[in-house]
Amino acid sequence: MPRKIIIDTDPGQDDAVAILLALGSPDDLEVLGITAVAGNVPLPLTQKNARIVCELAGKSDVKVFAGCDAPLQRKLVTAEHVHGKTGLDGPKMDDPTMPLQDQHGVDFIIETLRSEAEGTVTLCPLGPLTNIALAMQEAPDIVGRIQEIVLMGGGYFEGGNITPTAEFNIFVDPEAAAIVFKSGVPLTVMPLDVTHKALTTKPRIQAFRDMGTQVGDMVAAWTDFFERFDMEKYGSEGAPLHDPCVIAYLIRPDLFDGRHINVEIETDSPLTLGMTVADYWRVTDRAPNAMFMQDVDADGFYALLTARLATL
């Protein structure tokens, strides 16, 4: 039986690759819907980009919903400097023809968790946690019905990527992150510590191009565009594909290794706002609340990604 998931996302090139990986893995994952959130770029672009990616995958029947257009308590911070002004800069993309659903993304999350059997729906947030936290606030009864939340966010040994201590997704809406991390739902976290070990290299990008498909060409072009920023910043040989780690974990958890620890979210300090304070060495008596990943088999990850994208 495929695992039922809701993808909550702010596409972004790496979000787009994550969505494609999920849509290319129907034997493993049943995508109940995709909810868009403001993050990498504002909501009008993230909901549009999510539909563009579904159409690219030939899956225009997937339901896409627009969620929150701003964080719970803060002004929106975006990342056009990384992803370009559309969020999917690189190759020219046609506007989507598939419809945006009328229902609000948060209402869809609540309704789905109430209607599906308890403990059978996994939430996969790839952006700021606004939609997830608001759903928990508006409908506390859903919290105990969530099977697991597997998210991309945070960093500890790698530090931050938007401030010295904060990763972008958590920084954009730290209050939302705090709600999710305190919720008691089983959490698996893909921090920068993992994603920075899953770098695009020339041979890995070439493998996408060698598929000879529209999806392969598009992913290669996106990664070419996206990696220019990280290579310049980190001096690395490629860019991390952050968000596909979430979907890869659901398909092949054996590719990842981490530790079940306590993770708290800093919401007050001007210096470390949005930091994921990970008690990796268990020096406090705070109860573990998250499986905090630390390692990935990068070759296995890219082999999975290439094999699944080739089916689209």
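The values are calculated or read from the model by the stated rules, or taken from the named source; none is laboratory data. Just so you know, these numbers come straight off a predicted model, no measurement behind them. Neighbour counts are summed over all protein chains in view; Cβ atoms, including those assigned to glycine, are modelled from backbone coordinates with ideal geometry.
With surrounded by fewer than 24 Cβ atoms within 10 Å (Cβ to Cβ), on the phi < 0 side of the Ramachandran plot and within 16 Å of the chain's Cα centre (by Cα) as the only criterion, which of ILE149, ILE110, ILE142 stands out?
Numbers: ILE110 fails: within 16 Å of the chain's Cα centre (by Cα); ILE142 fails: within 16 Å of the chain's Cα centre (by Cα).
Within the list ILE149, ILE110, ILE142, the selection yields ILE149.
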Within segment 155-205, restricting to residues that are touching a Gly at 6+ places or on another chain (Cβ under 8 Å) and of a type in the set (Lys, Arg), the one that is modelled with the lowest pLDDT is LYS202
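One line per residue, one yes/no per condition, for (1) at pLDDT 95 or above; (2) closer than 19 Å to ILE265 by Cα; (3) small (Gly, Ala, Ser):
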residue	(1), (2), (3)
LYS92	no, no, no
ASP95	no, no, no
PRO128	yes, yes, no
ALA133	yes, yes, yes
GLY153	yes, yes, yes
Quick check, is THR267 in a strand (DSSP E or B) and of a type in the set (S, T, N, Q)?
no
Quick one: would you say PHE292 is buried (at least 17 other Cβ atoms within 10 Å of the Cβ), among the aromatic types (Phe, Trp, Tyr) and not in a helix (DSSP H, G or I)?
yes
Those residues of segment 247-264 which are assigned to a helix (DSSP H, G or I), without any contact (Cβ under 8 Å) to a residue 60 or more places away in the chain and not acidic (Asp, Glu) amount to PRO253, LEU255
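Out of THR200, THR195, THR223, THR213, which single residue is surrounded by fewer than 21 Cβ atoms within 10 Å (Cβ to Cβ), in contact (Cβ under 8 Å) with a residue 24 or more places away in the chain and among the β-branched types (Val, Ile, Thr)?
Numbers: THR200 fails: surrounded by fewer than 21 Cβ atoms within 10 Å (Cβ to Cβ); THR195 fails: surrounded by fewer than 21 Cβ atoms within 10 Å (Cβ to Cβ); THR223 fails: surrounded by fewer than 21 Cβ atoms within 10 Å (Cβ to Cβ).
Answer to the selection: THR213.
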Here's a check for you: in segment 104-129, which residue that is part of a helix (DSSP H, G or I) and without any contact (Cβ under 8 Å) to a residue 60 or more places away in the chain is nearest to GLU148 (Cα to Cα)?
LEU113
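Tell me the helices (runs of 4 or more DSSP H) entirely within segment 171-246 that contain at least 2 residues that are over 21 Å from GLY87 (Cα atoms) and not basic (Lys, Arg).
Numbers: elements: 174-181, 192-195, 202-209, 214-234.
It comes to 174-181, 192-195, 202-209.
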Kindly list, by first and then second residue, each pair from a residue in segment 230-241 that is aliphatic (A, V, I, L, M) to a residue that is assigned to a loop (DSSP other than H, G, I, E, B) and modelled with pLDDT of 75 or more, limited to pairs with Cβ atoms under 8 Å and residues at least 6 apart or on different chains.
MET231/GLU237; MET231/GLY238; MET231/ALA239; ALA239/THR200; LEU241/ALA198; LEU241/THR200
Just give me the residues in segment 140-156 being within 24 Å of HIS81 (Cβ to Cβ) and out of contact with any strand residue (DSSP E or B) (no Cβ under 6 Å at 6 or more places or on another chain), in sequence order.
GLY153, GLY155
Within segment 104-123, is even one residue among the aliphatic types (A, V, I, L, M) and closer than 30 Å to ASP279 by Cα?
yes
